[in-house]
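Novice: Before I ask anything, here is the structure I am working with.
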């Protein structure tokens, strides 16, 4: 057989079909004709449009690869399934039950209709079992349970998809969808107390009025971060262990939105040439937003908040959007951490540049004007947005350093993050003042 076909479907509708030429390695995709003409139909991403049959194999491969775990988790998945990690379609198939967004990928010999007869499968996950797995992560992958990976998500961190009912955690399979993501502490000794780090930064964003995924710390007794999925919708009174009670919502990350490969998530500059996904490419999504002004402001606020907390890892896979039949809508923020707090223990280059600056110490009045230009935003409006966010952070950053929430070691780290935020508030206010008072020479001026 020289061709293999994979169906992509929602819980109740066939959406389209991926085809792989096994001899050439080329990929093709077409939408299901019935899906295209449904009133609620939407594209998988702006770069896989509904009414365009000429989508390149490269664009298809990039979209699929962005669904996969990265780094060591991807290697482990490939080894355990006896696959090459470069075999994108086969890799997605192995973790295609519940990837991010609304759709699943299934291998099909013939063109089928989505099955509605899959049984629900669930098992209770006790804190003792979870604690044992966290302890033994070096020998057993965190998300591998009963021979199956419960990690159909992009990223390099240890994480796992679970359902939560009345405070209890469950492994879900079959016709059931997860409601939460759990993350244990990072294994890298250079980045301790990452659970508290992310909890504090996410809590600060929420307190400031930014859209953010809901999080809390669960102690088993070691801390794990529990994150409520924003690409899942359910009624708190419904039984998530029954099929059909958790709805999947289609969300795509920044790389998928701009049509970039996952390895392009970091911007780099080589001999004055920019590579990867920077703010310029993200701001070019403006025409695809349901509300272009809202979309642009969302990206600006995500960028400015990342500066406030010292999040140098704010790359294109750490920002997402809901894809609807009307266009893109900003999704809640997530993966907000302070990397600056770890100092020289980790690389402190910015994941994306601000007006050409790849280090925070190089972000100046001039580079913020260039950043404003990239956003098609006046420097005056940028200054006002910086003032607003700095004032909001000022009201909340100290009170969130709460000994009732964090352990002694966590509290010490969170206190250091609050020190970073305090200095960044001062910097942001001063930079905003300079933008309002004086505008230096623009880009390209001698």
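The values are calculated or read from the model by the stated rules, or taken from the named source; none is laboratory data. As the structure is a computational prediction, the values presented were derived from the model and not from experiment. Because the Cβ atoms are built from the backbone with ideal geometry, glycine has one as well, and the counts that use them run over all protein chains shown.
Novice: Test each condition in (1) on the phi < 0 side of the Ramachandran plot; (2) over 20 Å from the mean Cα position of the chain (by Cα) for residue 174 and report the one that comes out false.
Specialist: The number of the failed condition is (1).
Novice: Out of all the residues in segment 85-103, is one or more exposed (fewer than 14 other Cβ atoms within 10 Å of the Cβ) and modelled with pLDDT under 70?
Specialist: Yes: one or more hits.
Novice: Would you call residue 80 within 30 Å of residue 45 (Cβ to Cβ), surrounded by fewer than 18 Cβ atoms within 10 Å (Cβ to Cβ) and either over 17 Å from the mean Cα position of the chain (by Cα) or modelled with pLDDT of 85 or more (or both)?
Specialist: For residue 80, the condition - within 30 Å of residue 45 (Cβ to Cβ), surrounded by fewer than 18 Cβ atoms within 10 Å (Cβ to Cβ) and either over 17 Å from the mean Cα position of the chain (by Cα) or modelled with pLDDT of 85 or more (or both) - is met.
Novice: Among the residues of segment 279-314, which ones are under 18 Å from residue 264 (Cα atoms) and out of contact with any helix residue (DSSP H, G or I) (no Cβ under 8 Å at 6 or more places or on another chain)?
Specialist: Hit for segment 279-314 is 313, nothing else.
Novice: In segment 1-50, what count of residues is obtained for those that are more than 23 Å from residue 249 (Cβ to Cβ) and in a loop (DSSP other than H, G, I, E, B)?
Specialist: 7
Novice: Could you look through segment 340-362, keep only residues that are touching a helix residue (DSSP H, G or I) at 6+ places or on another chain (Cβ under 9 Å) and part of a loop (DSSP other than H, G, I, E, B), and pick out the one that is farthest from residue 259 (Cα to Cα)?
Specialist: Across segment 340-362, the extreme among qualifying residues is 348.
Novice: Across segment 404-440, what is the number of residues that are part of a loop (DSSP other than H, G, I, E, B), under 16 Å from residue 198 (Cα atoms) and without any contact (Cβ under 8 Å) to a residue 40 or more places away in the chain?
Specialist: Counting residues in segment 404-440 that are part of a loop (DSSP other than H, G, I, E, B), under 16 Å from residue 198 (Cα atoms) and without any contact (Cβ under 8 Å) to a residue 40 or more places away in the chain gives 0.
Novice: Can you find even one residue in segment 295-312 that is assigned to a strand (DSSP E or B) and in contact with a strand residue (DSSP E or B) (Cβ under 7 Å, 6 or more places away or on another chain)?
Specialist: Within segment 295-312, not a single residue is assigned to a strand (DSSP E or B) and in contact with a strand residue (DSSP E or B) (Cβ under 7 Å, 6 or more places away or on another chain).
Novice: Here's a follow-up. In segment 363-382, which residues are in a loop (DSSP other than H, G, I, E, B) and either within 18 Å of residue 423 (Cα to Cα) or not assigned by TED's automatic domain parsing to the domain that holds residue 313 (or both)? Break it down stepwise before answering.
Specialist: Going through segment 363-382, the residues in a loop (DSSP other than H, G, I, E, B) turn out to be 363-364, 375-378.
Those that are in a loop (DSSP other than H, G, I, E, B) and either within 18 Å of residue 423 (Cα to Cα) or not assigned by TED's automatic domain parsing to the domain that holds residue 313 (or both): 363, 364.
Novice: Could you list all residues from segment 257-294 that are outside any loop (DSSP other than H, G, I, E, B), more than 19 Å from the chain's Cα centre (by Cα) and free of Cβ contacts under 8 Å to residues at least 24 places away in the same chain?
Specialist: Hits for segment 257-294 are 268, 270, 273, 275, 287, 292, 293.
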